[in-house]
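These notes are about the structure you will find just below.
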Amino acid sequence: MWAATKLATDAGGWRQINRAGHPMMWPIFWPNDTDFTDPANTRHPSQDAGAAARYLGDQVTAVVAATGTAGDAAGYGQAVARELFPDVLPYVVGTPAVYSFTGFNGRAQADNAPEAMLSLVAGMAVPSGLRPSGTAGQRASDFPYVVPA
């Protein structure tokens, strides 16, 4: 799954201005792109590997090299890039959704995606202290999962 945000154009069409698949990609890998001008916003996920996988892998390599959490920092960085690109959120229909350091299969409401992504990038556990029980009252069990105000 991936989503795109599009704006109507003066010519009567639509222009893609943003997209998302995995959570936390922008805050981690493009934190200074507050205007969302990076080309990743406008490309199709099929173009990710050729366009930015090396950059993403190099960013992860720098983190794990600095922390010493991977024996082969470059190999780990490129493995993470292959895991995250194309930037789509995989899900096998009919199976439990889980988004964690050990794997991605959709995302359950209570999954701590920031913790999972930061741990993946760092090559070690990065606990946030957030627990599903802390937000249990803010989640509904039935679609559309909106809790009344």
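Bear in mind that the values in this text are calculations on the coordinates, not laboratory data. Given the structure is predicted, the values throughout are model-derived calculations rather than measurements. Cβ: placed from backbone, ideal geometry, glycine included. Neighbour counts: every protein chain shown.
A few points about this structure:
- Base-10 log of normalised Debye intensity for the chain (one unit scatterer per alpha-carbon) at q = 0.18 Å⁻¹: -1.18
- Spatial offset of the range 86-135 relative to the range 14-68 amounts to 18 Å, using the alpha carbon center of each.
- Modelled label reach - residue 91, point 7 Å along Cα→Cβ, the range 1-23 residues with backbone N closer than 16 Å: 1-4, 20-23
- Computed [θ] at 222 nm, helices only, for the chain once each DSSP H run of length n ≥ 4 contributes -39500 (n - 2.57): -9500 deg cm²/dmol
- Taken as entire DSSP H runs, the helices of the chain that both span 20 Å or more between Cα atoms along their own long axis and average -1.0 or more on the Kyte-Doolittle scale are 48-67.
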